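Asks: Submitted below is the structure of interest, expressed as structure tokens.
FYI, it's all coordinate maths here, none of it is from the lab. The structure presented is a predicted model; accordingly, all values stated were derived computationally and were not measured. Every residue, glycine among them, receives a Cβ derived from its backbone with ideal geometry; neighbour counts consider all protein chains shown.
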Amino acid sequence: MNKFHGTGVAMVTPFNADGSVDYEGLRRLINFQIDGGVEYLVSLGTTGESSTLSKDEKMSVWEFTKDTVAGRVPLVAGIGGNSTAEIVESVKAFKISGYDAILSVSPYYNRPSQEGIYQHYKAVAEASALPIILYNVPARTGSNMCAETTLRLAHENKNIIGVKEAAGNFDQFNKTLKDKPEEFLFISGDDAVSLPLIAMGAVGIISVVGNAIPGLFSEMIRLCLDGKFKEAQCMHYKVLDFTNSIFMEGNPAGIKTALKHLGICNDTLRLPLVNVSEATSAKIQKELKELK
């Protein structure tokens, strides 16, 4: 699973002013990422506003992304939700050609028990022809997948190959990294703590800020993976203010603002998400210029 070492980018979904999918903007974004040297791409994760796209729109975006990437980097599709039956149906129906794995967020809103989370992922993994990467992000889902559940899934389900972990809890990170199977991938889900997580044994990041600074951010991650932490540390602090600004008024509002300033796509969002304030937009633009 070395194809998922390094920097994966959770791509935004560009929209036109009328709210329709901006496929030319998506083409520019994909090529910008690949030219920047990222290791793989994630289509329609949380940053891609997947919860606001229809089934037909999702299929169209996945197909367009596959055709545009044309095998240049590995691809991951975001397929997750809070209805196990619906997600099982979705992964069975997914056209897997051109994709290498599925990133599936832990069930949100209905707040299942740890046993419920385990049974959900077990059913999804058994239904999927592609390997599954778990995604734990309690700040969004309303429930935490504890280390014991992640480890149980890792040890008992061969089709579950890794976890994108964004719990923000280093005690939990330590437990998972200490006891996981050797080949099980621990992937950072938080740009700001990728450096220490790689020092602890993570294999990389699925990044948001990489949308705007793919070259700089992926180079920092590669330095970390090569054990060159002193060099990586300088780059980590160089991008830290920009990273914090991107999330100041929510994701993907901040990163879409950055992409607008870069001329990749506009900053249109689908409600209930709204654009960042003028002050935050100006701050993001200033910090982008300082990173060049």
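Asks: Nearest 500 deg cm²/dmol is fine: what mean residue ellipticity at 222 nm does the chain get from its DSSP H runs of n ≥ 4 alone, each adding -39,500 (n - 2.57), divided by its residue count? Show your work: numbers first, answer last.
Replies: Values: 12 runs with 138 residues, N = 292.
Taking each H run of at least 4 residues, the total per residue is -14500 deg cm²/dmol.
Asks: Counting other beta carbons within 10 Å of each Cβ, put 265, 234 in order, fewest first.
Replies: Working: 265 23, 234 10.
In order of increasing Cβ crowding within 10 Å: 234, 265.
Asks: Rounded to the nearest 20 Debye, what is the dipole magnitude of the chain about its Cα centre when Lys and Arg each give +1 and Asp and Glu each give -1 at the C-beta?
Replies: On the way: 29 positive and 33 negative charges, 43 e Å.
Value, rounded to 20: 200 debye.
Asks: Specify the inter-centroid distance of the range 48-85 and the range 164-182, based on alpha-carbon positions, in whole Å.
Replies: Here the answer is 27 Å between Cα centres.
Asks: Which whole-number percent gives the relative contact order of the chain, counting Cα pairs below 8 Å spaced six or more residues apart? It would help to have the intermediate numbers written out before the result.
Replies: Numbers: 539 pairs, mean separation 56.5, N = 292.
Across the chain, relative contact order equals 19 percent.
Asks: Take the alpha carbon atoms of the range 209-260, find their center, do the same for the range 96-157, and report the distance between the two centers in whole angstrom.
Replies: Using only Cα atoms, the two centres lie 26 Å from each other.
Asks: Another question, then. Counting GluC sites (Glu not before Pro) as exposed when in a DSSP loop with at most 11 other beta carbons within 10 Å, what is the longest stretch of the chain free of them? Don't jump to the answer; show the numbers that get you there.
Replies: Values: sites that count: 182, 183.
Counting at most 11 other Cβ atoms within 10 Å as exposed, the longest clean stretch of the chain is 1-181.
Asks: Once you sort the root eigenvalues of the Cα gyration tensor of the range 9-107 as a ≥ b ≥ c, which label holds: rounded (a/c under 1.5), prolate (a/b larger than b/c) or oblate (the other case)?
Replies: Judged from the Cα gyration tensor, the range 9-107 comes out oblate (a/c at least 1.5, b/c at or above a/b).
Asks: Answer rounded, prolate or oblate for the range 63-206, using the Cα gyration tensor with square roots of eigenvalues a ≥ b ≥ c: rounded when a/c is under 1.5, else prolate when a/b is larger than b/c, else oblate. All intermediate terms of the calculation are to be shown ahead of the outcome.
Replies: Numbers: a/c = 1.66, a/b = 1.19, b/c = 1.39.
Taking the square roots of the gyration eigenvalues as a ≥ b ≥ c, the range 63-206 is oblate.
Asks: Let me ask another. Between 181, 253, 235, whose Cα lies farthest towards the positive end of the dipole of the chain when Lys and Arg beta carbons carry +1 and Asp and Glu beta carbons carry -1, centred on the Cα centre?
Replies: Going by the Cα projections, it comes out as 235.
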